[in-house]
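Colleague: I have a structure here, written as structure tokens, and I will follow up with some questions on it.
The values are calculated or read from the model by the stated rules, or taken from the named source; none is laboratory data. None of the values given here were measured: they were computed from a predicted structure. Don't worry about glycine lacking a Cβ; one is built from the backbone with ideal geometry, like all the others, and counts go over all protein chains shown.
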């Protein structure tokens, strides 16, 4: 920690010379896109979970009400976080990462199991996935380290080793959870951030080769993973078990057609499609809102992602750039994987759709991250004003 | 790192190591932004292009495919079963009808999912609970239900079929009380046959799936079945309701009903008399009978004895087979279940069961050929007369045996003494084999073959019943050779089906018309409207009406003067032809041809205007009865009894004008209280005479009692004031008495004697209805059957 208090290093991140209040408003396009997606997500939760909620609890609005409360709270948190000086994340990055690693260690010990996977922790009545915290901690830490050592990124000592060590540590903890998708995402985000931070390209070549070898071994060892591949390529081979979900998902997506069955009129949500308000909610979006609606939602995500990178590019400092880019890359990867899996473009992995999938803490964390991007955005908006004041 | 940052020399070294590459912040920033832009394009745009492409493929290009698959996935089709049509006899008595029952089935997948659902609230929703509960209600082993439920990929496992409504209600109550899912009921139809075994092989039965599988049920399956309807509803998984659902109803079309030409009364008498004959002659291999309208081809009755109950068609009814099966299963009980011997026994058992079932389901009247024997002589004679090869003036000579060129063995007549010189008519009356062999040669093999074909014996009759078989005949070339021709001419070495034979002889007497026989006269829709009518269908004319008329006279003379006198029935002009044949292709265990014989008789009534034809065949009567095994002795009386039971019912009035009234039963009137003159008139009306006892003014008593049946021309006793004797008399043994002897014996005992059967003087009593030695009231009528035992064909 002492490292970041040294003057020569803090130079890397240009401390604002003015009060936070003066640094302008949040980036409105980004904020509006997030709120819009959250709103659509919550409404779709209502439609998608209607039948399941009634079947499981007798209250059709059961999941909707919970998600809506978290959405409102999450948007509030996002705005509050947006108004903070993101320098605090620079200072606490390693702390957050260490905390996340500690939580990951706890998972195999006192974790909560859902659908046969032990990936959740319940602390103080709140249930969450430590892997999500780990992703955030990693992005912040990488951002901090890369901005501090921005002039040494071309070396192995500063440009590869620390990040690789962190990635391997987190990945091995995730391997204990048998959480392939989170491992994959962490590696992808880490790789993107290293690429942005300036790690030399040859390391990526080595990394890709290592990844390929690892994947080959993994697939050879993990029976359930190769079964996933079979189910992906030929779901009809086991229609009532491993192929069931993807077949049901295709029914939902395919029957949507161009304009969809109409909002609320999904048939597959009547307990045919498992996880219909969760990982597979996008299939219900397709079924009800059609190709038009589905592409519309994807376009909103695309706009949000592009705006996120725009903020990263226009960030005040290297830390801001890297963190904003890291967070928005995480979002993009999750959207890509989720929709890819739901539409059978990719083999099944348990990645939820940001803002849409049911899950309160995940939504809170997601909006928290959007808040960080918003806080970074504040400077780019008022860049000129800030420069003048500095001058 | 913090330490190293403090280390000043280290800072000095750093620029020294890389003097040519000072860190250029602007350039580095530019590099970061360039790379971020690259990632922005990649993650913000490029990643999503394939996804949109994939969605386009699924949602637009393959929309129809997945939509239809999805709809199949989301809809439940509940079939609305069509009720199967009824089968009526010609008087609209239902011979086959259906009731609604229910099948109970489970959905193992649904049960499994519900049981292992995380959010399950119903503790009773387990396979074990369901198995236990259903097992109790349906009387099924719960272990068996658990086994069915363990096949969790299946959605339809029948637990119990065809449960009556009360049981189905119990199942429903069980489901509702315990709030269970995964147990379902579906309607099914149970076929039932109110008359049981009657006409079983004609009607057939429906199998477990409700499909007609034998007889008319099979032949008219599509007509009877109707079209099942369906209700198609969208349903959520686990049968949950959908908020937006649609429902489509396809109405079921009920099956059509059949009205048969079969008359259950006639059928009853056919079967009753066959059963009696089997009993009386100890017939070994069953018997069959057909009664047909000679002018239309309508079948009034068709019976195969050795049948089954279509209500329980798997049950074997043949007592001999049952005995053998019993033995086998006994043996199996005493054999080690692992041994090969046990396996062999089990195989034998199963084979016997299967064979016995097939055999009892078989309608021998249409499916199998049989040996018609001398009944076939009518065909040879009709052909010869039609062709002019023979006329009524021909004479034949039978010495008992004759050799023919091209025939290796000597042809023996059934009467080894020979029939001597006979006219054409006598040749038929005597059923003389040699005369008919001669006739065959006079006609020629090719011609005989053509007539056999013309009479439709070689082809299927086209009767509307399943499983009709073909007859077995020689080829035309083979018929040119005397060896075959002489044999076929008197009815040996051929096997037509019984129905074809009946149709051929019907053609002989009906003016020569070969008909298509039929059993279904009308097809009714569910509202009873006639939608199809079957009737007489002439296929061709085989002989002229003149020849047919001549044949009628000749055939009648066989009963009045020939081998078929045992078929005569007072008041009716019966014609017919007897037949006795060794079975051709039955071999015993040593491969030797058995002595099995089929005796048969084809009778026609009334001969002045032929209306009904009856064929009765008894397969292998036992030699143990001591009677001569022949169609004349055994089958002719059965046909006579059938005619006696049915002709009046069918509206054929007896004509007693030329009949000896003593062979007809009349009813004793009640003449008590009348004057003698009145009594005389009343008795005269019944062709009865009287003697009086006492001299009172009016009749005070009578023998026999009023209402008793007694032969016409009998003398009754009227008591004019005298006491009527109430003593009993003993029934004498009439066996083998001639008519005169029997009458005398009856008068001696104070009894009346009614006769039936042969009226020829050489006929003797072969049976009586009261056992000898029985004590009966004075004046009782004893019926004795007279048989002409010389009718050895």
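Colleague: Could you tell me whether residue A:106 is within 19 Å of the chain's Cα centre (by Cα), in a helix (DSSP H, G or I) and either more than 30 Å from residue A:172 (Cα to Cα) or away from every other protein chain (no Cβ under 14 Å) (or both)?
Modeller: Judged against the criteria, residue A:106 is not a match.
Colleague: Which of (1) touching a residue at least 40 places away in the same chain (Cβ under 8 Å); (2) surrounded by fewer than 20 Cβ atoms within 10 Å (Cβ to Cβ); (3) touching a helix residue (DSSP H, G or I) at 6+ places or on another chain (Cβ under 8 Å) does residue A:81 not meet, given it meets every other one?
Modeller: (2)
Colleague: So which residues in the range A:326-351 are without any contact (Cβ under 8 Å) to a residue 24 or more places away in the chain and farther than 23 Å from residue A:310 by Cβ?
Modeller: Within the range A:326-351, A:340, A:345 meet the criteria.
Colleague: Also, quick follow-up: Please go through the range B:705-723 and pick out each residue that is in a strand (DSSP E or B) and under 16 Å from residue B:661 (Cβ atoms).
Modeller: Across the range B:705-723, the qualifying residues are B:709, B:710, B:711, B:715, B:716.
Colleague: Follow-up question, since we're still on this one. Regarding residue B:118, is this residue part of a loop (DSSP other than H, G, I, E, B) and either more than 9 Å from chain A (Cβ to nearest Cβ) or buried (at least 16 other Cβ atoms within 10 Å of the Cβ) (or both)?
Modeller: For residue B:118, the condition - part of a loop (DSSP other than H, G, I, E, B) and either more than 9 Å from chain A (Cβ to nearest Cβ) or buried (at least 16 other Cβ atoms within 10 Å of the Cβ) (or both) - is not met.
Colleague: Step by step: first the residues of the range A:148-186, then only those that are facing chain B (nearest Cβ under 10 Å) and in a helix (DSSP H, G or I), then the one that is nearest to residue A:359 (Cα to Cα). Which residue is that?
Modeller: For the range A:148-186, the residue satisfying everything is A:162.
Colleague: Please enumerate the residues belonging to the range B:757-767 that are under 17 Å from residue B:711 (Cα atoms) and crowded, with 21+ Cβ neighbours inside 10 Å.
Modeller: Of everything in the range B:757-767, those that are under 17 Å from residue B:711 (Cα atoms) and crowded, with 21+ Cβ neighbours inside 10 Å turn out to be B:757, B:758, B:765.
Colleague: Of all residues in the range A:337-347, how many are away from every other protein chain (no Cβ under 13 Å) and buried (at least 24 other Cβ atoms within 10 Å of the Cβ)?
Modeller: 0
Colleague: Here's another thing I want to ask about it. Taking into account only those residues within the range A:188-204 that are modelled with pLDDT under 90 and either out of contact with any helix residue (DSSP H, G or I) (no Cβ under 6 Å at 6 or more places or on another chain) or away from chain B (no Cβ under 14 Å) (or both), which is surrounded by the fewest Cβ atoms within 10 Å (Cβ to Cβ)?
Modeller: This residue is A:201.
Colleague: Among the strands (runs of 3 or more DSSP E) lying completely within the range B:524-588, list those that include at least 3 residues that are touching a strand residue (DSSP E or B) at 6+ places or on another chain (Cβ under 6 Å) and without any contact (Cβ under 8 Å) to a residue 12 or more places away in the chain.
Modeller: none
Colleague: Moving to a separate point now. Among the helices (runs of 4 or more DSSP H) confined wholly to the range A:1-90, which include 3 or more residues that are modelled with pLDDT of 85 or more and within 11 Å of another protein chain (Cβ to nearest Cβ)?
Modeller: A:28-57
Colleague: I want to confirm something. Restricting to the range B:408-443 and keeping residues that are over 19 Å from residue B:760 (Cβ atoms) and in contact with a helix residue (DSSP H, G or I) (Cβ under 6 Å, 6 or more places away or on another chain), which single residue is surrounded by the fewest Cβ atoms within 10 Å (Cβ to Cβ)?
Modeller: B:411
Colleague: On to the next question. Please pick out the residue among B:404, B:370 that is closer than 30 Å to residue B:291 by Cα and assigned to a loop (DSSP other than H, G, I, E, B).
Modeller: The match here is B:370.
Colleague: So residue B:191 clears everything in (1) out of contact with any strand residue (DSSP E or B) (no Cβ under 6 Å at 6 or more places or on another chain); (2) at pLDDT below 90 except one condition, right? Which one?
Modeller: Residue B:191 satisfies all of (1) out of contact with any strand residue (DSSP E or B) (no Cβ under 6 Å at 6 or more places or on another chain); (2) at pLDDT below 90 except (1).
Colleague: What is the number of the single condition among (1) within 11 Å of chain B (Cβ to nearest Cβ); (2) part of a helix (DSSP H, G or I) that residue A:231 does not meet?
Modeller: All conditions pass for residue A:231, except number (1).
Colleague: Now a separate question. Within the range B:147-163, restricting attention to residues that are in contact with a strand residue (DSSP E or B) (Cβ under 8 Å, 6 or more places away or on another chain) and over 20 Å from residue B:132 (Cβ atoms), which residue is nearest to the other protein chains (Cβ to nearest Cβ)?
Modeller: Restricting to residues being in contact with a strand residue (DSSP E or B) (Cβ under 8 Å, 6 or more places away or on another chain) and over 20 Å from residue B:132 (Cβ atoms), the top hit is B:156.
Colleague: May I pose another question? Being in contact with a helix residue (DSSP H, G or I) (Cβ under 8 Å, 6 or more places away or on another chain), at pLDDT 90 or above and closer than 30 Å to residue B:518 by Cβ is the requirement here; does residue B:446 meet it?
Modeller: So residue B:446 fails the test.
Rundown of residues vs (1) more than 10 Å from chain B (Cβ to nearest Cβ); (2) touching a helix residue (DSSP H, G or I) at 6+ places or on another chain (Cβ under 7 Å); (3) more than 30 Å from residue B:24 (Cβ to Cβ); (4) at pLDDT below 95, yes/no style:
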| residue | (1), (2), (3), (4) |
| --- | --- |
| A:253 | no, yes, yes, yes |
| A:263 | yes, yes, yes, yes |
| A:271 | no, yes, yes, yes |
| A:287 | no, yes, yes, yes |
| A:298 | no, yes, yes, no |
| A:312 | no, yes, no, yes |
| A:316 | yes, yes, no, yes |
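Colleague: Go through the range B:58-73 and count every residue that is more than 7 Å from chain A (Cβ to nearest Cβ) and at pLDDT below 90.
Modeller: Result for the range B:58-73: 3.
Colleague: Return the residue satisfying two criteria in turn: it lies in the range B:121-137 and is in contact (Cβ under 8 Å) with a residue 24 or more places away in the chain and assigned to a loop (DSSP other than H, G, I, E, B), and of such residues it is farthest from residue B:158 (Cα to Cα).
Modeller: Checking each candidate, the answer is B:122.
Colleague: Give the residues of the range B:25-41 that are touching a helix residue (DSSP H, G or I) at 6+ places or on another chain (Cβ under 9 Å) and either farther than 30 Å from residue A:155 by Cβ or more than 7 Å from chain A (Cβ to nearest Cβ) (or both), sorted by residue number.
Modeller: B:25, B:29, B:38, B:41 - these are the residues of the range B:25-41 that are touching a helix residue (DSSP H, G or I) at 6+ places or on another chain (Cβ under 9 Å) and either farther than 30 Å from residue A:155 by Cβ or more than 7 Å from chain A (Cβ to nearest Cβ) (or both).
Colleague: Being surrounded by fewer than 21 Cβ atoms within 10 Å (Cβ to Cβ) and on the phi > 0 side of the Ramachandran plot is the filter here; which residues of the range B:465-500 pass it?
Modeller: B:467, B:493, listed by residue number.
Colleague: Could we say that residue A:306 is in contact with a helix residue (DSSP H, G or I) (Cβ under 6 Å, 6 or more places away or on another chain), under 29 Å from residue A:141 (Cβ atoms) and more than 11 Å from chain B (Cβ to nearest Cβ) here?
Modeller: Considered against the rule, which asks whether it is in contact with a helix residue (DSSP H, G or I) (Cβ under 6 Å, 6 or more places away or on another chain), under 29 Å from residue A:141 (Cβ atoms) and more than 11 Å from chain B (Cβ to nearest Cβ), residue A:306 comes out as no.
Colleague: Whether any residue in the range B:219-226 is assigned by TED's automatic domain parsing to the domain that holds residue B:106, over 30 Å from residue B:596 (Cβ atoms), at pLDDT below 90 and crowded, with 17+ Cβ neighbours inside 10 Å is what I want to check.
Modeller: For the range B:219-226, residues assigned by TED's automatic domain parsing to the domain that holds residue B:106, over 30 Å from residue B:596 (Cβ atoms), at pLDDT below 90 and crowded, with 17+ Cβ neighbours inside 10 Å: present.
Colleague: Next up: Go through B:783, B:755, B:759 for me and flag whichever is outside any loop (DSSP other than H, G, I, E, B), in contact with a helix residue (DSSP H, G or I) (Cβ under 7 Å, 6 or more places away or on another chain) and within 25 Å of residue B:640 (Cβ to Cβ).
Modeller: B:755
Colleague: Exactly one of (1) within 30 Å of residue B:263 (Cα to Cα); (2) in contact with a strand residue (DSSP E or B) (Cβ under 9 Å, 6 or more places away or on another chain) is unmet by residue B:135. Its number?
Modeller: Failing condition for residue B:135: (1).
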